[in-house]
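Taking it in order: structure first as structure tokens, then the write-up.
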Amino acid sequence: MAGLEEDIGQPRGDGRAIAARWSPAVEDERGLKALELFGNPTDAEVPLSSRPESAATARRLAQVIVLRHWKLSPKLTEDTVLLVSELVGNAVRHTGARVFGLRMKRRRGWIRVEVRDPSRGLPCLMPVAVTDVSGRGLFLVDKLADRWGVDLLPRGKTTWFEMRVGDR
């Protein structure tokens with residue numbers, strides 16, 4: 001999956017160190033630190049460097065917004081974080097951009113996440129086989145999001161997904 005951190009792998013030993021590293025308190029702290037450093041994607045688009053490690057920042061921002069600020073369910077948060085990671089991974093790998101933007105919006109009954117980049121190349125939903133090890137990003141977006149799409153801009157595009165809030 002796009003942007004996985006280097007220190008995450010198979011548990012070693014009894015796994016207690018891994019569990020401590022992934023505690024909710026640690027993730028909240030990392031998410032709040034990301035908000036402080038990069039800005040709030042609900043207030044304005046947050047620019048992020050087009051590097052694999054930016055996927056971790058985008059995931060943390062999404063998690064703290066959906067779970068803590070909007071107070072939505074852990075399942076919706078998990079799905080949103082996964083889809084953010086996929087869109088960011090596509091922006092980093094396929095657009096040649098130096099920077100991409102992350103924006104999150106909420107309206108009654110819906111959340112919307114947007115990733116903007118300067119490329120006008122359209123993403124393509126490809127068939128996925130069980131044995132495929134890559135190419136699943138848009139497949140996951142298509143399966144988990146209620147709606148998704150791409151808006152072409154004069155200089156680039158915005159790839160977005162929306163999820164219903166009330167029935168999750």
Worksheet item: Looking at Glu36, is it open to solvent by 50 Å² or more (accessible area, probe 1.4 Å) and either free of Cβ contacts under 8 Å to residues at least 24 places away in the same chain or hydroxyl-bearing (Ser, Thr, Tyr) (or both)?
Response: yes
Practice prompt. Considering only residues that are open to solvent by 40 Å² or more (accessible area, probe 1.4 Å) and free of Cβ contacts under 8 Å to residues at least 60 places away in the same chain, look in the range 90-109 and name the one that is nearest to Leu140 (Cα to Cα).
Written response: His94
Practice prompt. Give the range 70-91 a look and list any residue that's more than 18 Å from Pro41 (Cα to Cα) and over 12 Å from the mean Cα position of the chain (by Cα), or say none.
Written response: Ser73, Pro74, Lys75
Fill in: Cross-chain or 6+ apart pairs with Cβ under 8 Å, the range 58-77 first and closer than 23 Å to Arg116 by Cα and in contact (Cβ under 8 Å) with a residue 40 or more places away in the chain, then assigned to a helix (DSSP H, G or I) and open to solvent by 50 Å² or more (accessible area, probe 1.4 Å)
Leu61/Phe38
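The values are calculated or read from the model by the stated rules, or taken from the named source; none is laboratory data. It should be emphasised that the depicted structure is a prediction, and the values quoted were computed from it without experimental measurement. Note that each Cβ is placed from the backbone with ideal geometry, even for glycine, and that neighbours are counted across all protein chains shown. Keep in mind that these areas ignore ligands, DNA and RNA; they rest on the heavy atoms of the full protein, side chains included. Shrake-Rupley method; radii C 1.70, N 1.55, O 1.52, S 1.80 Å.
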